[in-house]
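Colleague: Below you will find the structure I want to go over with you.
The values are calculated or read from the model by the stated rules, or taken from the named source; none is laboratory data. Given the structure is predicted, the values throughout are model-derived calculations rather than measurements. Counting neighbours? That spans all protein chains shown, and the Cβs are built from the backbone with ideal geometry, glycine included. Just the protein is used for accessible areas: all its heavy atoms, side chains included, with ligands, DNA and RNA removed. Shrake-Rupley method; radii C 1.70, N 1.55, O 1.52, S 1.80 Å.
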Amino acid sequence: QHKRLAVVIVSVVLYTTLSIIAPLYSAHIIDFLWNNIKETLASGVAFQITWEAGGRDILFLLLIYLAAGLFYTLQSLLMASFAERLSLRLRTEISEKLNRLPLSFFDRTKTGAILSRTVNDLDKTSEALQTGMLKLFTAVGMIVGSLVMMFRFSILLTLVFLVFTGLALAATNFVAAKTLKSAMKRQQCVSNVTAQVEEAYSGRVIIKAFNQEEISSENMHKAEELAEATKKADFMINAINPAIRLINRFGQVLIAVLAGKMLLEGRLTVGVFQAFFQYANQASEPLTEAAYMVNSMQS
């Protein structure tokens with residue numbers, strides 16, 4: 001498990017590094033092509049790309065993206081395997097622990113509550129490890145690397161980006177607090193419903209013998225609060241993604257206006273213009289995904 005996790009970390013580092021290098025190299029290629037296009041138009045000759053003039057660089061950029069895709073696939077496969085193996089180990093240890101517990105524990109604890117923790121909660125843990133942890137690892141490296149390159153291109157544009165990023169983080173913090181309460185309520189309701197279903201099913205003969213069918217039915221219908229709690233939790237988890245994306249889009253519109261002005265004034269090149277937006281997307285998209293995963297992991 002430790003070796004597998006180490007390979008995952010190495011894959012994350014290599015994927016992040018290649019993803020940071022790619023836009024910088026593409027800026028070089030676009031500036032080279034743009035300058036050649038202007039020169040050929042001025043001289044009245046046809047523009048063409050040869051192996052020495054652009055072809056080699058384009059192929060190298062393609063290889064960078066292919067390598068990044070390969071490392072992303074590798075880290076996803078390894079992380080899925082790591083999460084499932086860890087989940088199996090936890091289930092095995094829980095099973096062994098349950099066999100060692102005294103009967104008094106089972107007398108005072110509902111069977112459905114035990115099942116909820118050993119099944120539902122472990123499924124959530126495995127899901128968070130497979131998606132949330134991996135994306136958080138990637139997001140940290142992507143954000144830091146992208147910000148370094150953005151400051152290298154333009155301090156003003158980067159500061160505008162950081163202002164809107166601060167607004168997005170504030171919104172994430174606010175929603176995360178609400179999500180935690182909703183998720184706790186939902187998991188408690190799931191535990192209660194699981195306990196009622198298990199007890200009503202295993203004790204159905206006793207329920208019939210003592211004419212408790214109506215009471216049992218009423219108790220089950222009271223569990224409708226699970227639907228309400230689930231609706232609130234799912235809304236909070238899924239609403240954060242479009243909300244953060246909207247904030248980021250407002251920031252990108254303002255950046256586009258300022259960057260366009262700088263481009264017309266000659267303070268930015270065409271290659272740097274597009275590269276800056278690639279870095280902005282690479283920094284904002286992980287924040288959006290991280291906001292979603294932070295809220296999702298609350299459950």
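Colleague: So which residues in the stretch 203-225 are modelled with pLDDT under 75 and either in contact with a Ser or Thr (Cβ under 8 Å, 6 or more places away or on another chain) or aliphatic (A, V, I, L, M) (or both)?
Modeller: Once the filter is applied, which keeps residues that are modelled with pLDDT under 75 and either in contact with a Ser or Thr (Cβ under 8 Å, 6 or more places away or on another chain) or aliphatic (A, V, I, L, M) (or both), the stretch 203-225 yields MET220, ALA223.
Colleague: Looking at the stretch 232-278 only, could you name the residues that are among the charged types (D, E, K, R) and farther than 21 Å from HIS28 by Cβ?
Modeller: LYS232, ASP234, ARG245, ARG249, LYS261, GLU265
Colleague: For the condition open to solvent by less than 50 Å² (accessible area, probe 1.4 Å) and within 24 Å of CYS189 (Cα to Cα), what is the one hit in THR118, THR40, THR125?
Modeller: THR118 is the lone residue from the list that is open to solvent by less than 50 Å² (accessible area, probe 1.4 Å) and within 24 Å of CYS189 (Cα to Cα).
Colleague: Could you please find all residues in the stretch 203-226 being loosely packed, with under 12 Cβ neighbours inside 10 Å and either touching a residue at least 40 places away in the same chain (Cβ under 8 Å) or among the aliphatic types (A, V, I, L, M) (or both)?
Modeller: Scanning the stretch 203-226 gives VAL205, ILE206, ALA209, ILE215.
Colleague: Are there any helices (runs of 4 or more DSSP H) wholly within the stretch 60-153 with 1 or more residues that are farther than 30 Å from THR269 by Cα and touching a residue at least 40 places away in the same chain (Cβ under 8 Å), and if so which?
Modeller: 111-115, 121-127, 134-153
Colleague: Does TRP34 meet the test of being open to solvent by 100 Å² or more (accessible area, probe 1.4 Å) and free of Cβ contacts under 8 Å to residues at least 24 places away in the same chain?
Modeller: no
Colleague: Shifting gears a bit: Restricting attention to the stretch 133-171, and to residues there that are touching a Leu at 6+ places or on another chain (Cβ under 8 Å) and β-branched (Val, Ile, Thr), which single residue is least open to solvent (accessible area, probe 1.4 Å)?
Modeller: THR158
Colleague: Could you please find all residues in the stretch 253-265 being within 14 Å of SER154 (Cβ to Cβ), without any contact (Cβ under 8 Å) to a residue 60 or more places away in the chain and either open to solvent by less than 60 Å² (accessible area, probe 1.4 Å) or part of a helix (DSSP H, G or I) (or both)?
Modeller: Within the stretch 253-265, ALA256, VAL257, GLY260, LYS261, LEU263 qualify.
Colleague: Tell me the residue from ALA183, ALA195, ALA177 that is surrounded by fewer than 17 Cβ atoms within 10 Å (Cβ to Cβ) and out of contact with any Asp or Glu (no Cβ under 8 Å at 6 or more places or on another chain), please.
Modeller: ALA177
Colleague: For the stretch 1-45, give me the residue count where each residue is under 27 Å from the mean Cα position of the chain (by Cα) and in a helix (DSSP H, G or I).
Modeller: 25
Colleague: Can you tell me which of ARG100, ARG85, ARG56, ARG108 is under 25 Å from the mean Cα position of the chain (by Cα) and open to solvent by 100 Å² or more (accessible area, probe 1.4 Å)?
Modeller: Step by step, each of ARG100, ARG85, ARG56, ARG108 is checked, and only ARG85 is under 25 Å from the mean Cα position of the chain (by Cα) and open to solvent by 100 Å² or more (accessible area, probe 1.4 Å).
Colleague: Can you say whether SER76 is open to solvent by less than 60 Å² (accessible area, probe 1.4 Å), at negative phi and modelled with pLDDT under 80, as far as the supplied structure shows?
Modeller: Criteria not met by SER76.
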